Amino acid sequence: MSHGHDDDDSAPGDDHSQVLAGVRGYAVGLVLAAGLTATSFWVASTHVLWGPGVPIGLCVLAIAQMGIHLAFFLHITTGPDNTNNVLALAFGVLIVFLVVAGSLWIMAHLNQMMPMAGMPQMTDLQMQH
C-alpha cells in the first residue's frame, strides 16, 4: 500500500547520489582513520623507526588522524560558508594550548613557587661536605 512516495529510507528531497556520496565519504574517512590507527600501533611495536624518532612519528600520525577527522567526519573545510566553524576550531585550539602550556609551566616551576614545608633546604655548606 503506497501513499505516493517510495518505500526506501531516504528523506523527502534527498538525492540518492548525494546520499551515496556522503556514505562514500564517511567510508573513506573510516578506512583512512583505521589505517592511521593501525599504523600507529605498528610503529610503536616495531623497530622500523629509530628509537628516539618514535614519539615524533606518533605525533605526525596523530596530527594526520586529526586532519582526517576534521575533513571527513566534522566536514571542516576552508569554504566561505565554513568560516564560523574554522574560527571556533581555532579558538578551541588556542584554549587547549593555553591550558596545556600553562599547566606544564606551573608544574615545571612548582618547587620554586612553593617549596615543601617539611623538607630542609640544602645550603651551600651542606653541599660541600
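A prolate overall shape is assigned to the range 15-75, the ratio a/c of its alpha-carbon gyration tensor axes (a ≥ b ≥ c) being 1.5 or greater and a/b exceeding b/c.
Would you mind ranking 114, 66 so that the residue whose beta carbon has the fewest other beta carbons within 10 Å leads the list?
On the way: 114 8, 66 13.
Ranking 114, 66 by Cβ neighbours within 10 Å, fewest first, gives 114, 66.
By counting other Cβ atoms within 10 Å of each Cβ, how are 106, 68 ranked from fewest to most?
Details: 106 10, 68 19.
Result, fewest neighbours first: 106, 68.
Answer rounded, prolate or oblate for the range 9-112, using the Cα gyration tensor with square roots of eigenvalues a ≥ b ≥ c: rounded when a/c is under 1.5, else prolate when a/b is larger than b/c, else oblate.
Working: a/c = 3.74, a/b = 1.48, b/c = 2.52.
Taking the square roots of the gyration eigenvalues as a ≥ b ≥ c, the range 9-112 is oblate.
Here, each number is a calculation from the coordinates, and none is a lab measurement. Please read all numbers here as calculations on a predicted model, not as lab measurements. As a convention, Cβ positions derive from the backbone with ideal geometry for all residues, glycine included, and neighbour counts pool all protein chains shown.
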